[in-house]
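The values are calculated or read from the model by the stated rules, or taken from the named source; none is laboratory data. On a predicted model such as this, the values are computed, not experimentally measured, just so you know. Glycine also receives a Cβ, built like all others from the backbone with ideal geometry; neighbour counts cover every protein chain displayed. Accessible surface areas use protein heavy atoms only, side chains included; no ligands, DNA or RNA. Shrake-Rupley method; radii C 1.70, N 1.55, O 1.52, S 1.80 Å.
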Amino acid sequence: MSFNTFGKLFRFSTWGESHGPAIGCIVDGCPPNINLGEKDIQKELDKRKPGQSKFTTQRKEDDKVQILSGVFDGRTTGTPISLIIYNKDMRSKDYGNIKDKFRPGHADFTYFKKYGIRDYRGGGRSSARETASRVAAGAIAKLVLQKKLGKKFKVIGAVTQLGILGCDTDKWNDKIITTNPFFCPDESMIKLWEKYLLGVRKSGSSCGAVIEIRARGIPVGLGAPIYSKLDSDIASSFMSINAVKGVNIGAGMNSAQLSGEQNSDEISQKGKKLKFNSNNAGGILGGISTGQEIIASFAVKPTSSILTTRKTIDKFGKNTSISVTGRHDPCVGIRAVPVGEAMMNCVLLDHYLMNKAQCH
């Protein structure tokens, strides 16, 4: 299987399966002399790990990361950084009775048809378990960007829609996001979301979500104008996340409903201070960052593993039915927030390094 590497100058390659002994990644292109310890990566992994609330899968994984290379005396050396996370709470027997069946909505059918073999234990390589490795790589990218861009730099994500229930992004509050199990930025919606998702879980069903990622303190000039636009690389990074089916940059799909006057982000200057009157472009024009807040969002489909019996086929081509038991998220989008943050950090660092190489 090829294409397990993401990035151009700042690159990471992930490896491992959902029910294998471990997962991990190798990060290449990290600048030297960045203070880095396992605790720096762990605090990001802790935001993503399962079993933290009744609204996520009850699989218990500590997701303890171990640095195997690329760090000496607490600082990066500029050589490849190898990271490993051991799997501890696998229940492969949960998948024994459906090992020959293709779960609707999962990659079972396509993996088997492409490779002629598949790991049926939780989807193997196609499992969202792989995203823990991305979060680890993103934690390193975040540290580098904090050092290079300073205190104004920040990437933060939130769930802005849970199933059929949205929230008011004008009420976005960074502090609220980190204090509730939904990563919800609008405090007024938390109780309603809780009631809604408990109902979804009790029915044995699932729901989707929309996640918005905001990046602040980004300099003007990141991105290349044609085949490596900053927004195209952000979109590509988000689309590579499990269960993501759509991406918006700024106004995104809604921009089709705006007039030219409404959509254009007017610019003015007072002294040395530049001002944009709006940010429908999401902080990116012509594939290059404007210096505004970068705003991008992605839609995550409902968790495909549900208790409701669904029609499918088996690997022998026979019609059958399936009901998926085991431990699954009623809304996998919730734990996609730190994954989205990680991918944004990786793309921004990659483009920061490319910009420095060409223009400075």
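Data table
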quantity	calculated
Residue list for region 178-202, restricted to those being among the β-branched types (Val, Ile, Thr) and part of a loop (DSSP other than H, G, I, E, B)	178, 179
Filter result (of a type outside the set (Gly, Ala, Ser), touching a strand residue (DSSP E or B) at 6+ places or on another chain (Cβ under 6 Å) and either open to solvent by less than 40 Å² (accessible area, probe 1.4 Å) or modelled with pLDDT under 95 (or both)) within region 285-296	292, 294, 295
Test: residue in region 2-9 that is in contact (Cβ under 8 Å) with a residue 60 or more places away in the chain, at negative phi, touching a Leu at 6+ places or on another chain (Cβ under 7 Å) and buried (at least 21 other Cβ atoms within 10 Å of the Cβ)	no
One residue from 53, 18 being modelled with pLDDT under 95, buried (at least 21 other Cβ atoms within 10 Å of the Cβ) and either farther than 30 Å from residue 193 by Cα or not charged (D, E, K, R) (or both)	18
Hits in region 250-276 - residues which are outside any strand (DSSP E or B) and either open to solvent by 100 Å² or more (accessible area, probe 1.4 Å) or among the β-branched types (Val, Ile, Thr) (or both)	253, 257, 261, 262, 266, 272
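Matching residues to (1) closer than 30 Å to residue 10 by Cα; (2) surrounded by 15 or more Cβ atoms within 10 Å (Cβ to Cβ); (3) modelled with pLDDT of 95 or more:
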{"site": "154", "(1), (2), (3)": "yes, yes, yes"}
{"site": "160", "(1), (2), (3)": "yes, yes, yes"}
{"site": "171", "(1), (2), (3)": "no, no, yes"}
{"site": "178", "(1), (2), (3)": "yes, no, no"}
{"site": "189", "(1), (2), (3)": "no, yes, yes"}
{"site": "200", "(1), (2), (3)": "no, yes, no"}
{"site": "209", "(1), (2), (3)": "yes, yes, yes"}
